[in-house]
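Okay, structure first, notes after.
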Amino acid sequence: MANVGTALRELRGAQKSAKGVSLYSRFVNRPVGRYLAAGSYALGLTPNQVTLISAALSFAGAAAVALAAPSWGLGITVWALLAVGFAFDSADGQLARLRGGGSAAGEWLDHVVDCAKLTSLHTCVLIAFYRFPESYGIPAGTGGEGWLLVPLGFQLAAVVTFFGGLLTEKLKPKPAPGSQAAAPSAARAVALLPVDYGVFCTVFLLLGGSGLFRWAYAGMGVVAALFLLAFLAKWYRELSAVPK
């Protein structure tokens, strides 16, 4: 078995740029993922196996939302599953770099799991609103049915943001080899916190708060939609400047 300490030292020098990354991902998720990557390396796991561990944890958390009546205990369980799953999502890429680089199949699997994770989580919230309306403080009647549209709108914003950002990175010209990476912006790192997946996971800690979770979730959905509009304008402007 490889040494965890040696793996950690090598991983510190193999981190991706912090540009465009929120404070949570930079100072919480990536460091936790680094320890998970080192442990996975010591156990002889492959990056794809780590990706599947991330998927299992994330899907278990999403399923729990749909299957169980909301409570404070459920909220802690769901948050823990989603947060640790997110950390393993960071670990698979770090493990790939530690092992000398990832593969096209590995990158494909990672993105497919990420997309499935987003869609399934919001779908499970919709199912939960439908199955346990009273527990979420959703009023009976026509007014209550409108709340089922909230997870659909949130899901749309999340998936388009994910796909739009991914496609933009693929279409933008790659920096010249050996070029200096731009310094990360502290202001941008703070501004991105509301749409960081790790921060979003914390809303499930409010599952025992009846209407508290419903309003917090809806509020984050509105923020996600506003950020999507800003991202779309930014990405279109950047790609419009690319020479034909």
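The values are calculated or read from the model by the stated rules, or taken from the named source; none is laboratory data. Model, not experiment: these values are computed from the prediction. Please note: Cβ atoms are built from the backbone with ideal geometry, for glycine as well, and neighbour counts cover all protein chains shown. Protein only, heavy atoms only, side chains kept; ligands, DNA and RNA dropped before computing areas. Shrake-Rupley method; radii C 1.70, N 1.55, O 1.52, S 1.80 Å.
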Quiz prompt | Accessible surface ranking that places the most exposed of Arg237, Arg99 first, with a 1.4 angstrom probe | solution = Arg237, Arg99
Exercise. Could you calculate the contour length gain from Leu167 to Arg99, that is, 0.36 nm times the residue separation minus the distance between their Cα atoms, to one decimal place in nm?
Key: 21.8 nm
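Could you give the size of the charge dipole of the chain about its Cα centre, using +1 on the Cβ of each K and R and -1 on the Cβ of each D and E, expressed in debye and rounded to the nearest 20? Before the final figure, lay out the partial values.
On the way: 19 positive and 11 negative charges, 173 e Å.
Here the chain has a charge dipole of around 840 debye.
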Practice problem: Quick one: which residues, 5+ away or cross-chain, put their amide H under 5 Å from the amide H of Ser71? H built at 1.01 Å from N. | Solution: Gly208
Quiz item: Which whole-Hz couplings ³J(HN,Hα) result when phi for each residue of segment 56-71 is put into the Karplus expression 6.51 cos²θ - 1.76 cosθ + 1.60, θ = phi - 60°, listed in order with x for Gly and Pro?
Solution: 4, 5, 5, 5, 5, x, 5, 4, 4, 4, 6, 8, 10, 5, x, 7
Quiz item: Distance in nm between label sites at Val242 and Lys174, each 7 Å beyond Cα in the beta-carbon direction?
Solution: 1.3
Practice problem: Starting from the Cα of Leu148, step 7 Å along the direction of its Cβ; do the same at Ala230; then give the gap between the two resulting points in nm. | Solution: 3.3
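Report the relative contact order of the chain, percent, no decimals, based on alpha-carbon pairs under 8 angstrom and at least 6 residues apart. All intermediate terms of the calculation are to be shown ahead of the outcome.
Values: 298 pairs, mean separation 68.0, N = 244.
So the answer I get is 28 percent.
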Practice problem: Excluding residues fewer than 8 places away in the same chain, name every one of the aspartates and glutamates whose C-alpha is closer than 15 Å to that of Lys172. | Solution: Glu238
Self-check item: segment 200-211 - phi-based ³J(HN,Hα) in whole Hz, Karplus 6.51/-1.76/1.60, Gly and Pro as x
Solution: 4, 4, 5, 5, 6, 5, 8, 4, x, x, 6, x
Quiz item: Using the Cα atoms as the points, what is the convex hull volume per residue of the chain in Å³?
Solution: 136
Self-check item: Unit charges at the beta carbon, dipole of the chain: most positive-side option, Gly102, Tyr197, Leu57
Solution: Gly102
Practice problem: Using 0.36 nm per residue of separation minus the Cα-Cα distance, give me the extension gain between Gln49 and Glu134 in nm, one decimal. | Solution: 26.6 nm
Practice problem: Rounded to the nearest 0.05, what FRET efficiency do Asn3 and Trp108 give with R0 = 45 Å and r taken as the Cβ-Cβ distance? Could you check? | Solution: 0.90
Practice problem: Mind checking the per residue accessible area of the chain for me, 1.4 Å probe, whole number of Å²? | Solution: 52
Self-check item: Formal net charge of residues neighbouring Met220 (Cβ-Cβ distance under 14 Å; K, R +1; D, E -1)
Solution: 0
Quiz item: So what is the calculated 222 nm ellipticity per residue for the chain, using -39500 (n - 2.57) for each DSSP H run with n of 4 or more, over all residues, to the nearest 500 deg cm²/dmol?
Solution: -23000 deg cm²/dmol
Exercise. Could you check which residue among Pro175, Pro47, Pro194 shows the biggest mean-square fluctuation in a GNM of the chain with a 10 Å Cα cutoff?
Key: Pro175
